[in-house]
Structures are given as C-alpha cells and as structure tokens.
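Participant: Here's a structure for you.
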Amino acid sequence: MNRIDEIRKTAKEPFKKIIEECEESTVRCISHNDADGICSAGIIAKALVREGVPFLMSCIRQLTEDFIKSLKNEQYKYFLFTDLGSGQLNFIEKYLLDKSKVIVIDHHVPFENENENLDHLNAHLFSIDGAREISGSGMSYAFVTALGKNRDLSGVAIVGALGDLQDMSGSLHGVNREILEEAKKEGIIKVERDIRLFGRYTRPLYKSLQYTINPYIPGISSNINGVSELLKELEIPHSVNGKARRIVDLSSDEKQRLASALIQRLLRAGASPEIAESIVGENYTFVNEPEDSELKDAKEYATLLNSCGKHKRADIGIAIIVGDRGALEEARNLVEEHKNTIVEGLKWLYENPLKIKRSDVLQWFNVERDVDDSIIGTVAMMGMGANILDRSIPVVAIAKMDENMYKVSARGTREMVDRNVDLAEAVRVAAKKVGGEGGGHDVAAGAVIPAGKEEEFIKFVETIIRRQLGEGKS
Ligand code: C5P
Ligand code: ZN
C-alpha cells in the first residue's frame, strides 16, 4: 500500500463525520499563514464547498494558548486545524475538547494526546518524516481524498510542499513523491528537469538571475552588472529580435553552460556541493496554467502564496487556489513587497557582522525592529546559503514583535540533523523555560518569548544543542 493510503484509511472516518454532522453547522477552520498553511486552507476550503459544508477559515501566524482560549468563546461544534496544532494539543484539550470535536491535520513534531473528541492526523504518527516527506497540505490532501474524490487538488499539495522547502535536495521525496505521481496521473503537473531559478517562465533571463536569492549567488543575486557580464562571458544573448529571453527559451547547450557557471560560482563562494548542485533539478509545472502565469511554476506559485501570508493577506492566496484569477494582480504587488523586505533583511546581515554572535555550537543575531519579524527565518536561511553565516552550526534569529514579545526563528541544515541536532526540541524546551512557546521541525523551528529573556533563551538553546551533538556522537 502506498503510504498516503495509510493516512487516507485513518482519515476516512473523521472526514465522513465532518460531512455528515456539519451540513448545517459551521466548521471553524484554522490554518497557518505560510504557503503550506494557505495551500492546506485552500484544499480544505475547496473540499468543504464541494460537500456543501459551511465553514469559517482563518490563517494565523502562530497558534498560541491565548488564541486557542479565544476560540473557546466561539462555541463551534467542530474545529479543524491544518498545518498547525500538533504542538499545542495540551491547550486544545484544555480549552476545546470538553465541548467540541477537533480534527488536527499537521506535519510538525507532535505532542501525543488521546481524547475521544480528538482526531489527530500527524505525519510523524505514521512514521513519516514531516520535515521532508510530506507537508501540511500533503496531509490535508490525504484527508480530503480519503473518500475517493478531490484528487484534482494534488497540485496544490505539491505547492505546499515546495513552500516548506521540502525539495531542498533538488527534488521531492517520500509521500510527496506519491502525491506527485497522482498529480501527474491527473494531468495537473509535469516534471521538468531544468535550471531551478525564480521566474523560469515569467521573467526575462537576466531578472531570473538577478532575483535568485535562494541560494544567494555572489556577484549575481541582486547584481545586474554581474548578470550582464556573466551572460556576455558565456555568450548567451539576453534577447533575440528585441525580445527578452527566459530560462525556458534557452537551448540545452546554453542551459548547460549557465548551470555549470552558476555551480562553479557557488562552490567558489564556499557553498556546499549539495546547495550548489541543487541549482539544477526538478521543476514542477502546472500543465494547464498559461505560459506567462506566476502559477505555471509550482515553486513560484508557493512564493506568491508566501508573500500573501507574510503580508497578512492569506485570503488572497486562498482565493487564487480556489480559482479566482482576479486576485492575482494584488498578489503580484505583495510578491514585490516581500522580495524587497527579504533583500533589506539580507542587507542587514551584510552590514551588521558584529551583531552576529557565536559559540562553537550556535550562532545568533537580534535584529530588534530593523527587520520584519515574519521573515527573519528566511533571512537566516539565506544568510547561510550566502555564506554570511556559518553553515556548520545552527542559527537563531531574533526580532522584536512588540513591547512584550520577541519572535525567534531557528534554522539548520540536513547535515546538522544527521549529527542529531533537533531544533524543534531545542526551541520548544528553551522557550518553555523562559515562559514562551515554540516548536516546529528538526531543521526549522520558531518560538515567541517574553522580552528581556533573549539571552537566557539562547543559553538554553545552546545547552540543548550541545547535549544533542554529544548524544549524536555516542
Ligand atoms: O516562524 P518560523 O518560520 O521560524 O517557524 C519555523 C517552523 O516552526 C514553522 O514550521 C512553524 O510552524 C514552526 N513554529 C512552531 N511554533 C512556534 C513558531 C514556529 O511550531 N511557536
Ligand atoms: Zn507546513
């Protein structure tokens, strides 16, 4: 049996129940506001509309105790959490399970909890690696396909997985691969082996190069002169008959020259072979989207949704997923805004080397209010890719949210996880010790902690990572 079918088997009853019991009572849906969370929300929304089940959907940044407490007052019979919730089952039990039924569909590291009013569908409970093999939208897709329908939503599940960077190695793996096969069978997605740069279909070549900040290519990313020189050197014309060329317009010979030049640059700048080589790999393309659409390339689609979420407009993202192409115009502006915010964040890292502190097992920086707290995780990750940060030890980024709270994002690499580093555990335990809340995945985790506790928090994270590394060796 495919592993996704195991999830479907468990999902069958809760999905059936929600359809039968909620024809007239509204289901309260809560999802995460990143690309994966928005895809999860879109998948659930579309499936519930098809079944005639009324629902109210919110996409939120973080599921806190206060938020769950506030849900208690809403008094819904059914709550459905997607791409979050597994780390907060204690609060869900405390505030919701006595009066309501709750379904949690998630892929973050879970708390175990058994309660007759709770259906908990978490990747890890099926022994599936939630950081790499399936996303929140993949889990949501398994849920809504449990009764045999909705396979046309497979493409959205792929977008969610890409939003959570589950193709980091150059392609999708595990259950994501099974979903991909279904998407191919449905005629929704095709796989193209190609250079993996932003805007393959939608941007002129030089812009794709200039805009590629993940990985950050020294002398090319955000550097239009560098791009011109490179193209001249490689004898790749940026336009033909006055018309700008895109990545997809290059001949295979030109693509090969460009790819090896980019790989060389990355390696020369100290990038790991894995990151450098991931410049070439699988691209997932929506067969039926127009050629010039931002939704053609699934990764670009994910970037667009992420931009909507980070700018508090998850509703625009959901509208696009359920088919409202009119929302695209607004989303485009958000993408521009998002890119600018990230470039500002990277600039901060370049300009403040002294603010990057480190020990032998951890590095950290506090941007205070200089950089938007919602993107510090992205900036931390890109900082590692750009070699501004050390790629051999985890990084913790901190930003001030408001007078009372600081946002924390921790990022690592696969290689660190192989050495036993688990950032979800480190951040969750350290946050709890200083009166905050956190969790996530082994390679990427986040938390919110009280103001004034930043240094104490870092010390706890450091101690836990040191212990994890020690245990890894033995
Ligand atoms: O917020 P950030 O992008 O750094 O979060 C990294 C990962 O950690 C995400 O998957 C997020 O859902 C998770 N997270 C969490 N609990 C928090 C903050 C973040 O589980 N309090
Ligand atoms: Zn997710």
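The values are calculated or read from the model by the stated rules, or taken from the named source; none is laboratory data. These numbers were taken from a predicted model, which means no experiment stands behind them. Backbone-built Cβ (ideal geometry, glycine too); neighbour counts: all protein chains shown.
Participant: Would you check if residue 230 is outside any loop (DSSP other than H, G, I, E, B), in contact (Cβ under 8 Å) with a residue 40 or more places away in the chain and out of contact with any Phe, Trp or Tyr (no Cβ under 7 Å at 6 or more places or on another chain)? Spell out how you get there, then give the answer.
Facilitator: On the way: outside any loop (DSSP other than H, G, I, E, B): yes; in contact (Cβ under 8 Å) with a residue 40 or more places away in the chain: no; out of contact with any Phe, Trp or Tyr (no Cβ under 7 Å at 6 or more places or on another chain): yes.
When the stated conditions are applied, residue 230 does not pass them.
Participant: Residues 282, 277, 289: which one is in contact (Cβ under 8 Å) with a residue 40 or more places away in the chain and under 30 Å from residue 153 (Cβ atoms)? Spell out the reasoning first.
Facilitator: Details: 277 fails: under 30 Å from residue 153 (Cβ atoms); 289 fails: in contact (Cβ under 8 Å) with a residue 40 or more places away in the chain.
The conditions single out 282.
Participant: Could you look through the range 266-284, keep only residues that are farther than 16 Å from residue 195 by Cα and buried (at least 16 other Cβ atoms within 10 Å of the Cβ), and pick out the one that is farthest from the chain's Cα centre (by Cα)? Outline the logic, then answer.
Facilitator: Step one: filter the range 266-284 for residues farther than 16 Å from residue 195 by Cα, giving 267-272.
When the remaining residues are screened for being buried (at least 16 other Cβ atoms within 10 Å of the Cβ), the result is 269, 271-272.
Working: 269: 26, 271: 22, 272: 22 Å.
Once the filter is applied, the top-ranked residue is 269.
Participant: Being exposed (fewer than 13 other Cβ atoms within 10 Å of the Cβ) and charged (D, E, K, R) is the filter; apply it to the range 240-265 and report the residue that is farthest from residue 201 (Cα to Cα). Break it down into steps so the answer makes sense when it comes.
Facilitator: Start the filter on the range 240-265 by keeping residues that are exposed (fewer than 13 other Cβ atoms within 10 Å of the Cβ), which leaves 240-243, 251-253, 264.
Then keep just the ones that are charged (D, E, K, R); that gives 243, 253.
Values: 243: 14, 253: 18 Å.
Among those residues, the one meeting the criterion is 253.
Participant: Looking at the range 410-427, can you tell me whether even one residue there is more than 22 Å from residue 275 (Cβ to Cβ) and more than 21 Å from the chain's Cα centre (by Cα)?
Facilitator: no
To keep it simple, each residue is scored yes or no on (1) in contact with a strand residue (DSSP E or B) (Cβ under 6 Å, 6 or more places away or on another chain); (2) crowded, with 23+ Cβ neighbours inside 10 Å; (3) assigned to a loop (DSSP other than H, G, I, E, B).
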{"site": "7", "(1), (2), (3)": "no, yes, no"}
{"site": "13", "(1), (2), (3)": "no, no, no"}
{"site": "16", "(1), (2), (3)": "no, no, no"}
{"site": "19", "(1), (2), (3)": "no, no, no"}
{"site": "36", "(1), (2), (3)": "no, yes, no"}
{"site": "41", "(1), (2), (3)": "yes, yes, no"}
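Participant: Go through (1) under 26 Å from the mean Cα position of the chain (by Cα); (2) within 16 Å of ligand 1 (Cβ to nearest atom) one by one and return the number of the condition residue 57 breaks.
Facilitator: It is condition (2) that residue 57 fails.
Participant: Of everything in the range 407-429, what is charged (D, E, K, R) and at pLDDT 95 or above? Give them in sequence order. Lay out the reasoning, then the answer.
Facilitator: Taking the range 407-429 as the starting set, the residues that turn out to be charged (D, E, K, R) are 407, 411, 414-415, 418-419, 422, 425, 428.
Matches in the range 407-429: 407, 411, 422, 425, 428.
Participant: Going residue by residue through the range 47-60, is there one that turns out to be closer than 24 Å to residue 405 by Cα and modelled with pLDDT under 95? Working first, answer last.
Facilitator: Going residue by residue through the range 47-60, those that are closer than 24 Å to residue 405 by Cα are 58-60.
Checking which are modelled with pLDDT under 95 leaves us with none.
Within the range 47-60 (the criterion being closer than 24 Å to residue 405 by Cα and modelled with pLDDT under 95), the answer is no, since none of the residues qualifies.
Participant: Next question. Return yes or no: is residue 289 surrounded by fewer than 21 Cβ atoms within 10 Å (Cβ to Cβ), over 24 Å from the mean Cα position of the chain (by Cα) and more than 28 Å from residue 372 (Cβ to Cβ)?
Facilitator: Numbers: surrounded by fewer than 21 Cβ atoms within 10 Å (Cβ to Cβ): yes; over 24 Å from the mean Cα position of the chain (by Cα): no; more than 28 Å from residue 372 (Cβ to Cβ): yes.
No; evaluated as a whole, the condition is false for this residue.
To keep it simple, each residue is scored yes or no on (1) in a helix (DSSP H, G or I); (2) crowded, with 17+ Cβ neighbours inside 10 Å; (3) not β-branched (Val, Ile, Thr).
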{"site": "316", "(1), (2), (3)": "yes, yes, no"}
{"site": "320", "(1), (2), (3)": "yes, yes, no"}
{"site": "327", "(1), (2), (3)": "yes, yes, yes"}
{"site": "368", "(1), (2), (3)": "no, no, yes"}
{"site": "397", "(1), (2), (3)": "no, yes, yes"}
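Participant: Hey, could you check the range 174-203 for residues that are part of a loop (DSSP other than H, G, I, E, B) and at pLDDT 95 or above and say which is surrounded by the fewest Cβ atoms within 10 Å (Cβ to Cβ)? Show your work before the answer.
Facilitator: Quick first cut of the range 174-203, residues part of a loop (DSSP other than H, G, I, E, B) only: 174, 186-188, 196-203.
Now drop any that are not at pLDDT 95 or above, which leaves 174, 186-188.
Details: 174: 19, 186: 14, 187: 11, 188: 23.
Going through the qualifying residues, I end up with 187.
Participant: With the structure loaded, tell me whether residue 420 is in contact with a Pro (Cβ under 9 Å, 6 or more places away or on another chain) and either on the phi > 0 side of the Ramachandran plot or away from ligand 1 (no atom under 12 Å from the Cβ) (or both) or whether it fails that test.
Facilitator: Numbers: in contact with a Pro (Cβ under 9 Å, 6 or more places away or on another chain): no; either on the phi > 0 side of the Ramachandran plot or away from ligand 1 (no atom under 12 Å from the Cβ) (or both): yes.
Here the answer is no, as residue 420 does not meet what is asked.
Participant: I'd like the residue in the range 110-131 that is modelled with pLDDT under 95 and of a type in the set (D, E, K, R) and, out of all such residues, is farthest from ligand 2 (Cβ to nearest atom).
Facilitator: 116
Participant: Find the residue count for the range 26-63, including only residues that are touching a residue at least 60 places away in the same chain (Cβ under 8 Å) and either touching a helix residue (DSSP H, G or I) at 6+ places or on another chain (Cβ under 8 Å) or within 12 Å of ligand 2 (Cβ to nearest atom) (or both).
Facilitator: Our first condition is that a residue be touching a residue at least 60 places away in the same chain (Cβ under 8 Å); within the range 26-63, this holds for 31-47, 49-50, 57, 59, 61-62.
Applying the additional criterion that residues be either touching a helix residue (DSSP H, G or I) at 6+ places or on another chain (Cβ under 8 Å) or within 12 Å of ligand 2 (Cβ to nearest atom) (or both) yields 31-47, 57, 59, 61.
Here the count works out to 20.
Participant: What are the pairs, 6+ residues apart or on separate chains, where a residue within the range 126-149 that is closer than 17 Å to residue 41 by Cα has its Cβ under 6 Å from a residue that is away from ligand 2 (no atom under 12 Å from the Cβ) and in a loop (DSSP other than H, G, I, E, B)?
Facilitator: What qualifies is 134/128; 144/150.
Participant: If we only count strands (runs of 3 or more DSSP E) wholly inside the range 60-152, which ones have 3 or more residues that are within 15 Å of ligand 1 (Cβ to nearest atom)? Please lay out each step first, then the result.
Facilitator: Values: elements: 78-82, 101-106, 118-122.
Of the strands (runs of 3 or more DSSP E) lying wholly inside the range 60-152, those with at least 3 residues that are within 15 Å of ligand 1 (Cβ to nearest atom) span 101-106.
Participant: I need the full set of residues from the range 100-123 which are more than 17 Å from residue 14 (Cα to Cα) and not acidic (Asp, Glu), in order please. Step through it out loud before you land on a result.
Facilitator: Let us first name the residues in the range 100-123 that are more than 17 Å from residue 14 (Cα to Cα), namely 107-112.
Result: 107, 108, 109, 110, 111.
Participant: Report yes if some residue within the range 96-109 is more than 16 Å from ligand 2 (Cβ to nearest atom), within 26 Å of the chain's Cα centre (by Cα) and without any contact (Cβ under 8 Å) to a residue 24 or more places away in the chain; otherwise report no.
Facilitator: So in the range 96-109, the residues more than 16 Å from ligand 2 (Cβ to nearest atom) come out as 96-103.
Still in the running and within 26 Å of the chain's Cα centre (by Cα): 102-103.
Going one step further and asking which of them are without any contact (Cβ under 8 Å) to a residue 24 or more places away in the chain, we end up with none.
No - not one qualifying residue is present in the range 96-109.
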